[in-house]
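Contents: one structure, followed by commentary.
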Amino acid sequence: MIAHAAIPTAAVLEGAPLIEFDAVSATYGTGKARTEALQPTTLKVEKGDFVALVGPSGCGKSTILKLVAELMKPTSGHIFFAGRELGANPVRVGMAFQASTLLPWKTIRANVMLPLKIVRPFRESYRANKNGAYRERVDALLEHVGLIDFADSYPWQLSGGMQQRANLCRALVHDPDLLLLDEPFGALDQFTREELWSTMQDLWMERRSTVLLVTHDLREAAYLASRICVMSPRPGRILEDRTVPFARPRHLGLTFEPDFTALVQDLREKIVRTPTGKAARGGGHE
Ligand code: ADP
C-alpha cells in the first residue's frame, strides 16, 4: 500500500460527472491558417473512470487533453469540471507525456518531489515537510514502482522504462483530481511498454485516479482503460464510446484471448474504415 495522507480533492456537485464536454469544438489559428481540430463533442467522464482516446493521428486527441488542462479554450461549447464551468475552481492535474521531462540535474526523488513543492495545498507546508512526511510519500511511491533503490540516482542513469516509471510517480504524487497521459509509453520497446501497463494498472487500482489516456496503441487502450472513445479523422468527433468489459487486475495473458483480440480488431476496423473528414463530405481523400 502507498502511504499517503488523504488530500481534499474537488467536491463533485451531486449527480455531475467529473468532466463534461458539452458540444465543445476547437480550432487552431485564424484565416487561411485556421485548422478545425475538434467538431462539437460531447463527453462525460465520471470520477475514477479510466478513459482512453484513440483515433487516427491528428484527429484531436491531444486537443481534448489541452482543453481539459486549460491550455487552450474551446471555440464553442462548455467544459464542466465537477459540475462547475472549468476555470471556476482550481483543478489539480497530473500529466505524463511520451518524453519523460524529468529534470536531469535533480535526483529521481527530487524530481518526484517537485509537484509537492509547487502545487497547492502542498507547497505551503513543503519546507516543513520535505524531510518528513513528503519524503515518505515520495519514497512509498518509488517503492511501489520498484525504483526505491534509484531514488538518489539521476534520470540519465536510468533506462527509458525506469524514467517513465518515475514520470508516472511525479504525475501522481500530489493526488491529482485528473491524470492526463499523452502517449506516455509510446517511446518504449514493446516489453518495457507492457511492464509499464502493469505498473499503471496497479497505480490506478490503488488510487482510482480519474485518467484520460491518449494512445495510438489499441492493445494498450484495451488493456488499461475502462472505456475507450474512438475518434474520427480530423476534425475529430467521438464515433463510439465503448465500455471495456475485462475484469481487473488484467494480465498480459488476456491480450491473447479471443475477446480481447476481437475488441482490438473491431476498434482498428472502426478507425481504418472511417473516411477522412473531407472524403466523408464527398471531397475525396485528404
Ligand atoms: P492527435 O493528438 O489526435 O494526433 P492533435 O489534437 O494534436 O491530434 O491535433 C489535431 C489537429 O490540430 C491536427 O491536424 C494538428 O495538426 C492540429 N494542431 C494541433 N496543434 C496545433 C497548433 N498548435 N497549431 C495549429 N494546428 C494544430
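Name the single residue that is farthest from the ligand (Cβ to nearest atom) among those in the range 43-82 being surrounded by fewer than 16 Cβ atoms within 10 Å (Cβ to Cβ) and on the phi > 0 side of the Ramachandran plot.
In this case the residue turns out to be Gly48.
Considering only the range 151-167, state which residues are among the aliphatic types (A, V, I, L, M) and open to solvent by 10 Å² or more (accessible area, probe 1.4 Å).
Leu158, Met162
Name every residue in the range 211-230 that is crowded, with 24+ Cβ neighbours inside 10 Å, within 16 Å of the ligand (Cβ to nearest atom) and assigned to a helix (DSSP H, G or I), in order of residue number.
Within the range 211-230, Glu220, Ala221 qualify.
For the condition in contact with a His (Cβ under 8 Å, 6 or more places away or on another chain) and not in a helix (DSSP H, G or I), what is the one hit in Gly58, Gly94?
Gly94
Looking for something farther than 15 Å from Met95 by Cβ and among the aliphatic types (A, V, I, L, M) - is there at least one such residue anywhere in the range 194-201?
Checked against the condition, which is being farther than 15 Å from Met95 by Cβ and among the aliphatic types (A, V, I, L, M), the range 194-201 yields at least one hit.
When you go through (1) more than 20 Å from the chain's Cα centre (by Cα); (2) open to solvent by less than 40 Å² (accessible area, probe 1.4 Å); (3) at pLDDT 95 or above one by one for Tyr28, which number turns out not to apply?
(2)
Keeping to the range 24-38, report how many residues are within 7 Å of the ligand (Cβ to nearest atom) and either aliphatic (A, V, I, L, M) or part of a strand (DSSP E or B) (or both).
3
Quick one: which of Asp152, Asp139 is among the charged types (D, E, K, R) and in a loop (DSSP other than H, G, I, E, B)?
Going through Asp152, Asp139 in turn, the sole match is Asp152.
Restricting to the range 231-247, and then to whatever is farther than 13 Å from Leu38 by Cα, surrounded by 11 or more Cβ atoms within 10 Å (Cβ to Cβ) and of a type outside the set (Asp, Glu), can you tell me which residue is nearest to the ligand (Cβ to nearest atom)?
If we take residues in the range 231-247 being farther than 13 Å from Leu38 by Cα, surrounded by 11 or more Cβ atoms within 10 Å (Cβ to Cβ) and of a type outside the set (Asp, Glu), then Arg242 is nearest to the ligand (Cβ to nearest atom).
Go through (1) more than 15 Å from the ligand (Cβ to nearest atom); (2) closer than 25 Å to Thr42 by Cα; (3) part of a helix (DSSP H, G or I) and name the single condition Pro176 misses.
(3)
A quick yes/no check of all residues on (1) free of Cβ contacts under 8 Å to residues at least 60 places away in the same chain; (2) in contact with a Cys (Cβ under 9 Å, 6 or more places away or on another chain); (3) open to solvent by less than 40 Å² (accessible area, probe 1.4 Å); (4) of a type in the set (Ser, Thr, Tyr):
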{"position": "Gly87", "(1), (2), (3), (4)": "yes, no, no, no"}
{"position": "Gly94", "(1), (2), (3), (4)": "no, no, yes, no"}
{"position": "Gln98", "(1), (2), (3), (4)": "no, no, no, no"}
{"position": "Arg109", "(1), (2), (3), (4)": "yes, no, yes, no"}
{"position": "Arg120", "(1), (2), (3), (4)": "yes, no, no, no"}
{"position": "Leu141", "(1), (2), (3), (4)": "no, yes, yes, no"}
{"position": "Asp149", "(1), (2), (3), (4)": "yes, no, no, no"}
{"position": "Leu181", "(1), (2), (3), (4)": "no, no, yes, no"}
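One line per residue, one yes/no per condition, for (1) of a type outside the set (S, T, N, Q); (2) within 14 Å of Phe50 (Cα to Cα):
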| residue | (1), (2) |
| --- | --- |
| Glu194 | yes, no |
| Leu203 | yes, yes |
| Thr210 | no, yes |
| Ala225 | yes, yes |
| Arg237 | yes, no |
| Glu240 | yes, no |
| Leu252 | yes, no |
| Thr255 | no, no |
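The values are calculated or read from the model by the stated rules, or taken from the named source; none is laboratory data. Bear in mind the structure is a predicted one, so any value in this text is a computation, not a measurement. Neighbour counts run over all protein chains shown; Cβ positions are idealised from the backbone, glycine included. Accessible surface areas use protein heavy atoms only, side chains included; no ligands, DNA or RNA. Shrake-Rupley method; radii C 1.70, N 1.55, O 1.52, S 1.80 Å.
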